[in-house]
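Since every read-out is calculated from the coordinates, none of them should be taken as a lab result. In this text the structure is predicted, and so the values were computed from the model without any measurement. No Cβ is skipped: glycine too gets one built from the backbone with ideal geometry, and neighbour counts run over all protein chains shown.
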Amino acid sequence: MVNSDIEVSKDWLKPIIQQFKNEVNTAAIQPKIIDYKDKTKFEYAGAGGGFIDFFGYPFCKGRIFETLEKDSNQYDEIDDIFWASGACLFIRSSIFLKMNGFDEDYFAHMEEIDLCWRIKNEGFNIQYTGKSTVYHVGGATLNEYNPRKTFLNFKNSLVTILKNVPFPSVIFVIFTRLILDGIAGIRFLFDLKFSHTFAIIKAHFSFYWSIPKTLKKRSKISRKNKHYYYTFSIVWQYFARGRKTFKEIK
């Protein structure tokens, strides 16, 4: 699966194909994703492979929140990751069909994280390879200034958590995220971004409305892999401890 705003590099498919042959339990693979507009840096949507913290915040090797690392070949290895970017995602067709593909209730944001999480819950691996590179324009569907993007990010994140986080942790995670979302909404108010604050409120009510349907989906998901997170709080690591790169994260 490749977005329309992707440019590929020479022989980019060969490492992917070989990796699938070598790693029989690997369901999906992501190549290195570099910014098309600045090819010295990783691109926001996927970078060097995706991970997640205890509270469901996604981040990547090469990109944590708004900090994008320069590509100095520091992430050129093959590695296990938690989620692969939908900008360029290779997945075994048999696994894709077994998982019933992407959840149709998502749009534009986090559907690949949800799919990868469900795959991990089934006991399969998700991997990254720095031996293959693509260049991504980014923001072609919705840019960061669009309140619709804010709505989808907040709503889809909550839905993904409710579907996939193991019980009883899910109760604490959802409660904490609702509080943190409220803090984000207040911050938007101080920045005079009123439409984004309203988008968060709308996202929460949309999430509440979706709870019965989401719980039905949750009941059908396996739990073979219960330890999902890489670090307890990426927010604490990044904002409180000033750790801006993946190699600094504990």
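In terms of the mean number of neighbouring beta-carbon atoms within 10 Å, the peptides 8-17, 177-186, 123-132 order highest first as 123-132, 177-186, 8-17. Estimated purely from DSSP H runs of n ≥ 4, each contributing -39500 (n - 2.57), the mean residue ellipticity at 222 nm for the chain is -12000 deg cm²/dmol once divided by its residues.
Stretching residue 102 away from residue 67 to a fully extended chain increases their span by 9.8 nm, per 0.36 nm per residue minus the current alpha-carbon distance. Protection proxy ranking for 217-227, 239-249, 103-113, using the average of other Cβ atoms within 10 Å per residue and placing the highest first: 103-113, 239-249, 217-227. P(r) for the chain, from all Cα pairs and a bin width of 5 Å, is 1, 6, 13, 18, 20, 18, 14, 7, 3, 1, 0 %, short bins first. Electrostatic bookkeeping for residue 184 treats Lys and Arg as +1 and Asp and Glu as -1; over the other residues with beta carbon under 12 Å from its beta carbon, the sum is +1. Each pair of Cα atoms in region 48-136 enters the Kirkwood radius, and Stokes-Einstein at 4 °C and 1.567 mPa s then converts it into a translational diffusion coefficient of 93 µm²/s. Applying a length cut-off of 27 Å (Cα extent along the axis) and a mean Kyte-Doolittle floor of -1.0 to the DSSP H helices of the chain leaves 169-190, 194-218.
Of interest is the spacing of the C-alpha centroids, which for region 191-250 and region 77-147 amounts to 16 Å. Each Cα pair under 8 Å and six or more residues apart adds its sequence gap; the mean of these over the residue count of the chain is a relative contact order of 26 percent. What the Cα convex hull of region 147-221 gives, in volume per residue, is 69 Å³. Among the listed pairs 41/155; 10/39; 39/250; 155/202; 32/149; 32/247, a Cα-Cα separation exceeding 19 Å is found for 41/155; 39/250; 32/149.
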